[in-house]
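For reference, the structure is listed below as structure tokens.
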Amino acid sequence: MASEGRAMPGAAEAEAQEGTVLEALLRALERAAAYNRHDQVAPAVILWPDKARQWEPLAPRLRQALPQFLTLGPYNPQEKTGPAIWLKCMIARTLPEADWPEGAVPILYLPGISRHELRAVERCPAELQPLAELQFRGVWFTQENTKDWTVYAFLTSKRGGLELDIAPTEETREALLNALTKLADVPVAELRGRRLHAEDFRALLQPDLVRQLLRWLDAPEETRASWTLEEWQAFCASCRERYGFDPESDGVLGGAERLGSQQGPWEHVWQRFAEAPAAYPHLPDLLRRAKPEDEPPLFFREESWPQCNERAEEELRAELLELESLPPEAAAHKLEELESKHKVRQAWVWAKLGQAPLAKALEHLVHMAQVAKRPLGGEDLEAMAAAYVAQGWQADAAALEALAVVKKSEDVRAVTAALRAIYKPWLEQAAERFQELAREAPFPELARDTGSSLSNLKPGTCVLFADGLRLDLGKRLSDTLKGLGFMVEETWRWVPLPPVTPTAKPAASPVAAFLKGEASEAAEFRPQIRETGQPLTADRFRKLLGEQGFQVLAQGETGDPEGLAWTEYGEIDRRGHQEGWKLVRRIAEELDGLVDRIRELLGAGWREVRVVTDHGWLLLPGGLPKVEMPHYLVESRWTRCGALKPGAKVDFLTVPWYWNPEVAVVMAPGIGSFQAAEYSHGSLSLQECVVLDLVVRPAATSALRAVIESHRWIGMRCRVRVRGAGEGWHVDLRTKAAAPATSLLKDKEAKPVKPEGETSLVVDDPDQEGAVALIVLLDPQGRVVAKQKTIVGGEE
């Protein structure tokens, strides 16, 4: 029987390939014929049913591109169109018109015919019966649900389509079909990043002059070649009339200079470029060449020219490098001065294109410095931990964000200088105070019952272990899950000592009570199974979990959600040890993977997922301070700890091993490291010893259903329609979805959803017209359940 030929990569690959809609369709048809050459034969044909004849306007273009494209219809061999018997002969390649390359799979387009008409062989119309048997030797080009690929479905589907955001209205669908022949040549990248409405497709039939102008400036020869003489003449006339610019006599450099001036009607053209600069990859270089030599102060716009941004980046880089020689207070004050000077560049088009990384990093560096102004202290360990959980973790998060923004080595050095000037002293002060308090209060007692919270779990619970999920990353994970509508409970706890995986992971598991520690295994900080005395290996750990009734789930497995389970995800700790500060480039990927795994488990029916970790870590680009520890004093020497040999004496702080208090563990002082490292853990600091446990439960059923269905601007009033929301739900207009303080509404108060599912949002500030904002749907607890991008005052 015909298989389903619909494997497509989705949005990520479509963007990377940067093709037009027609090219995306051609790639989809090519992939439909894919098969495993080792155990399958090639399909005889690709069957493409199209009951509504929606794709028929593109048939001539498809014939041009695909010599194997056949169509059911009146006999016309020049167009490779004909009745069923003739098509059977063409597919069998018994006719001279079957001239496509060897190995190409014929595509049989069936306008006016549904898949159902061919599948029901006994009821198949007589004129189609010769084709019915092809379904057993070919593949279908249909949606995953076996329905025909409508144009709307192909463009919007997340399962094999292009994942475009198109308004689901009949008006929009009609406009889409009317503009199909024009839409075929639009790059997919130009259609992303916004919701498409009927007017967007109508504009393809009534050409969008701004878009035409930008495309011509970006690729003049290619764009001119794609137009007829009449279209070119009309374009030139419109440019002369609307923009005072003649493409023929002024050329692309003249147009680019006017674009950069942003004067008069050109300001709107610049705004359109700034909305989607990646769609015009050659324009930045053109603007570089078009920059006027003289810079008249009244009309010169610095944000238009890449040279101005690059000069500002060079100046900022030099000033950041100088921070390392300043005291922390002076360095923090200097950062604030730099922020006031360069903040404007964070909104420039060059920042969107990734060409202002230091301006973007500066935002995070300033946040880090503001948090670091308040030293982490307290009367005891609990007070310090409470201060860290409340706010201190934000300095760690901001430091990671600043590093993640920069890629070039010279930019990394500049951000590193700022971090070592302010973040490093803050880390040192906090760690030294923390260790001072730990000398006064026996720290290990605080972590003695780490695993007890997992000892009496209810069926339907899956424990998800994430290695090295530092508290700030736990906060990021929690916020992301809440933004998706999940219910999340956060609880902070101490980790066992030393904070290394062999000690802390078993203690965070449901089988901690079945383990003990022997001095013979102290060098590796690995506990033993209490009953047998065997060292705890990975296999024995899994076996012990199984004996206690826990399913051990491998990646991708979801198990039986009526029982108990343990699963693991992530490589944060391994990557940190391997890559040092470059771990920051992996964190988003790691957290996204954790979110996907949690969604997968809850979607499979688990009532709750408990996210646990073993320890946190320190990360400092340029390296942690080196501390000498003689080998002969310790059984083993880790980067920030070591098992002290019996009878040996050291000046450093020692603590009992969690699994055996008779074993003394040497702690590296402050943020020092016994070995050269940028990433390390094993000693006493808030970053290493305080972590979050998360309990994640499914979102309420209504939250899963609730969506923003549509919105429409009338002046500065936006009428919003939602579906699936009930009493207590609200809608807000914000610049940042999860930040109520960024609301653009009067008094920053979200508006309630009326029983009929509608509400009205009014923006009083006329300066906000044209600003990009987010319409957010809030459940009764104030959580963001859905969001939709918009342009204040109306969208083009």
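Across segment 468-558, how large is the tail of the calculated P(r) beyond 18 Å, expressed as a percent of all Cα pairs?
Roughly 57 percent, once rounded to a whole number.
Given the DSSP H assignment, sum -39500 (n - 2.57) over each helix run of at least 4 residues in the chain and divide by its residue total; what's the result at 222 nm in deg cm²/dmol, nearest 500?
Dividing the helical sum by the residues of the chain leaves -11000 deg cm²/dmol.
With a Förster radius of 60 Å, plug the Cβ-Cβ distance of Val344 and Thr94 into 1/(1 + (r/R0)^6) and report the FRET value to the nearest 0.05.
0.30
Under a straight-distance cross-link criterion of Cα-Cα below 19 Å, which aspartates and glutamates are reachable from Lys582, leaving out those fewer than 8 residues away in the same chain?
Cα-Cα hits under 19 Å: Asp396, Glu401, Glu410, Asp411, Asp467, Asp472, Glu571, Asp573, Glu590, Asp592, Glu678, Glu688.
Report the Cα centroid-to-centroid distance between segment 246-308 and segment 519-539 in angstrom, as an integer.
68 Å
For segment 163-199 and segment 354-384, compute the distance between their C-alpha centroids and round to whole Å.
Between the Cα centres of segment 163-199 and segment 354-384 lies a distance of 44 Å.
Cα axis of helix 357-372 to longest principal axis of the chain: angle in degrees, 0 to 90, nearest 10?
Its long axis makes an angle of about 30 degrees.
At 0.36 nm per residue, and after removing the present C-alpha to C-alpha distance, how many nm does the segment from Lys789 to Arg119 gain when stretched out fully?
Gain in length upon complete extension: 237.0 nm.
Starting from the amide H of Lys80, placed 1.01 Å from N in the peptide plane, find each other amide H under 5 Å away whose residue is 5 or more places distant or on another chain.
Those qualifying (amide H under 5 Å, at least 5 residues apart or on another chain) number zero.
Which of the lysines could be linked to Lys341 by a straight reach, that is with a Cα gap under 16 Å, when you skip same-chain ones fewer than 8 residues away?
In chain and number order, the partners are Lys360.
For helix 328-342, report the angle its Cα long axis makes with the longest principal axis of the Cα atoms of the chain; keep it between 0 and 90° and round to the nearest 10°.
10 degrees
Simple spin-label model, 7 Å along Cα-to-Cβ: Lys408 to Thr146 in nm?
About 5.7 nm, to one decimal.
Have a look at Ala34, Thr142, Ile107 and report the one farthest towards the positive end of the charge dipole of segment 30-150, computed about the Cα centre with Cβ charges (Lys/Arg +1, Asp/Glu -1).
Sorting the options by dipole projection puts first Thr142.
Among DSSP beta bridges whose residues both lie in the chain, state the antiparallel percentage, nearest 5.
Beta bridges within the chain, antiparallel portion: roughly 65 percent.
I need the peptides 676-687, 234-245 ranked by packing, meaning the mean over residues of other C-beta atoms within 10 angstrom, with the highest value on top.
Those peptides, ordered most packed to least, come out 676-687, 234-245.
With a cut-off of 18 Å, note down the residues of segment 141-174 whose backbone N falls inside the zone around a label point 7 Å from the Cα of Lys51 toward its beta carbon.
Under 18 Å, as judged by backbone N against the label point of Lys51, lie 141-154 of segment 141-174.
Treating only the Cβ atoms of Lys and Arg (+1) and Asp and Glu (-1) as charged, compute the dipole magnitude of segment 271-386 about its Cα centre; round to the nearest 20 debye.
Result for segment 271-386 is approximately 580 debye, rounded to the nearest 20.
Rounded to the nearest whole Å², what accessible area per residue is found for the chain with the 1.4 Å probe?
Value returned for the chain: 45 Å² of accessible area per residue.
Using the Kirkwood radius over Cα pairs, work out the Stokes-Einstein diffusion coefficient for segment 539-611 at 25 °C and 0.890 mPa s, in µm²/s as a whole number.
After rounding, the answer is 179 µm²/s.
Any idea what diffusion coefficient segment 327-437 gets from Stokes-Einstein, in µm²/s, Kirkwood Rh on alpha carbon pairs, 25 °C, 0.890 mPa s?
Diffusion coefficient, whole number: 168 µm²/s.
Compute the distance in nm between two label points, each set 7 Å from the Cα along the Cα-to-Cβ direction, one at Lys582 and one at Glu756.
Placing both labels 7 Å beyond Cα along the Cβ direction yields 6.0 nm.
Pull up all non-local amide H partners of Leu564: gap of 5 or more, or a different chain, and H-to-H distance under 5 Å with H placed in the peptide plane.
Gly460, Gln551
For Phe300 and Lys373, calculate 0.36 nm times their separation in residues minus their Cα-Cα distance, and state this gained length in nm to one decimal.
Using 0.36 nm per residue and subtracting the Cα-Cα distance, I get 22.4 nm.
Compute the label zone of Ala513 within segment 528-552: residues whose backbone N is under 18 Å from the point 7 Å along Cα-to-Cβ.
Under cut-off, by backbone N: 528-532, 544-551.
Hey, rough spin-label estimate for Arg719 and Met487, points 7 angstrom out along Cα→Cβ, what's it come to in nanometres?
Those two pseudo-labels are separated by 3.6 nm.
Could you run the Karplus curve 6.51 cos²θ - 1.76 cosθ + 1.60 with θ = phi - 60° over segment 211-228 and give me ³J(HN,Hα) per residue in whole Hz, x for Gly and Pro?
5, 4, 5, 5, 5, 5, 4, 6, 9, x, 5, 5, 5, 4, 5, 7, 9, 6
Checking a compactness column here: for segment 580-719, what do you get for Rg(Cα) / (2.2 N^0.38 Å), N being the number of residues?
Dividing the Cα Rg of segment 580-719 by 2.2 N^0.38 Å gives 1.63.
Across bins of 20 angstrom width beginning at 0, how are the C-alpha pair distances of the chain distributed, in whole percent?
Final binned percentages: 13, 36, 35, 15, 1.
Which of Lys407/Lys645; Lys80/Lys182; Lys182/Lys352; Lys458/Lys482; Lys505/Lys649; Lys147/Lys482 have a Cα-Cα distance over 32 Å?
Over 32 Å apart, Cα to Cα: Lys407/Lys645; Lys147/Lys482.
Find which of Pro375, Tyr388, Ser340 sits farthest along the positive direction of the dipole of segment 335-412, computed with +1 on the beta-carbon of Lys and Arg, -1 on that of Asp and Glu, about the Cα centre.
Ser340
So if R0 is 30 Å, what FRET efficiency would Glu524 and Glu600 give, r being the distance between their Cβ atoms, rounded to the nearest 0.05?
For R0 = 30 Å, the calculated efficiency reads 0.35.
What aspartates and glutamates could a cross-link reach from Lys748, if we take a straight Cα to Cα line under 15 Å and drop same-chain neighbours fewer than 8 places away?
Partners within reach: Asp732, Asp764, Asp765.
How large is the dipole of the chain about the Cα centre if only Lys and Arg carry +1 and Asp and Glu carry -1, each at its Cβ, rounded to the nearest 20 debye?
1380 debye
Just to verify a number: FRET efficiency for Ala648 and Phe136, C-beta to C-beta distance, R0 = 51 Å, to 0.05?
For Ala648 and Phe136, the calculated efficiency is 0.05.
Give, rounded to the nearest 20 debye, the magnitude of the charge dipole that segment 620-712 has about its Cα centre when Lys and Arg contribute +1 at Cβ and Asp and Glu contribute -1 at Cβ.
240 debye
How large is the convex hull of the Cα atoms of segment 203-312 per residue, expressed in Å³ as a whole number?
About 110 Å³ per residue, rounded to a whole number.
Please work out how much length the chain gains when fully extended from Ala274 to Ala554, using 0.36 nm per residue of separation minus the C-alpha to C-alpha distance, in nm with one decimal.
In short, 96.3 nm is gained.
The values are calculated or read from the model by the stated rules, or taken from the named source; none is laboratory data. Treat the numbers as computed from the prediction; the structure is a model and nothing was measured. Heads up, the Cβs are rebuilt from the backbone with ideal geometry, glycines too, and the neighbour counts pull from every protein chain shown. Just so you know, the surface numbers come from the protein's heavy atoms only, side chains and all, with ligands and any DNA or RNA stripped out. Shrake-Rupley method; radii C 1.70, N 1.55, O 1.52, S 1.80 Å.
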